Amino acid sequence: MLRRYSFLPILILAALLAGCAPKAIGHPDEVRALENPTSTALPEPPATPEITESESVPHAPPPSCPVTTPQDPVFVPPSPYDTLGVADTFWYGSSSLWTAIPRDSTWAGLPYNQHGYAQKVFWWREGYVWNEEPEPALTITAERLDAPAPSFRSSKATNANANDIGSAMLSGVGLPTLGCWKITGKYADAELSFVVWVAP
């Protein structure tokens, strides 16, 4: 009789331990991450952000966004840039610092990554030589004009050279939201700002 009940505490303990066992994890990446704590195999955020109703913006810039338009008179960069140019853009700035802006002042359909909507911005300055200053001392800032926005990110400036753009400086920007954005570039004694509409 005594021997029949000697297993009862063991059975109760086994049942309690079974109830505390972790639930199975179905996703292989999650399993690998748990097996190796230093692994970075957990899934990345989706490549395209989920735009809520409050984040939805029209494709064309609204009147409330003071997008940059061509100067009057139109800015013509110094030679040899006066014969160059990128299709569907206009030059904007001065010989000390200028850039190319889309004719509709809209950046649409930009790729999205963990830093936001990514865009490459080219900058020019008379006398800049791409292979003499491969990492130009160009700094970029940005401010959303139509609503509060998370912090802006930019990459370290680099050089660029091609038949249609000549010798240029290049920076990558990550805009965290859509909307009305003021971009400012500073290089040496020059500063240039322009406003673009960032659209879906």
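Read-outs throughout are calculated quantities, based only on the coordinates presented, and are distinct from any laboratory measurement. Because the structure is predicted, anything quoted here is derived from the model rather than measured. Here the Cβ is made from the backbone with ideal geometry for all residues, glycine too, and neighbour counts use every protein chain on show.
Please give the FRET efficiency for residue 151 paired with residue 95, using the beta carbon to beta carbon distance and R0 = 22 Å, rounded to the nearest 0.05.
0.10
With θ taken as phi - 60° and the coefficients 6.51, -1.76 and 1.60, list the Karplus ³J(HN,Hα) couplings across region 154-164 in order, rounded to whole Hz; mark glycine and proline as x.
The phi angles translate into 9, 8, 5, 5, 9, 9, 8, 7, 7, 4, 8 Hz.
Of 77, 59, 113, which is farthest towards the positive pole of region 53-199's charge dipole, taken about the Cα centre with +1 and -1 on the beta-carbons of Lys, Arg and Asp, Glu respectively?
Of the candidates, 113 comes out farthest on the positive side.
Check which residues have an amide H placed less than 5 Å from residue 117's amide H, if you skip close sequence neighbours.
Here 175, 177 satisfy the definition.
Using θ = phi - 60° and the Karplus curve 6.51 cos²θ - 1.76 cosθ + 1.60, what whole-Hz ³J(HN,Hα) does each residue of region 65-72 get, with Gly and Pro shown as x?
Per residue, the Karplus-derived 3J(HN,Hα) values read 9, x, 4, 6, 10, x, 5, 10 Hz.
How many nm separate the modelled label positions at residue 129 and residue 83, each set 7 Å beyond the Cα in the direction of the Cβ?
2.0
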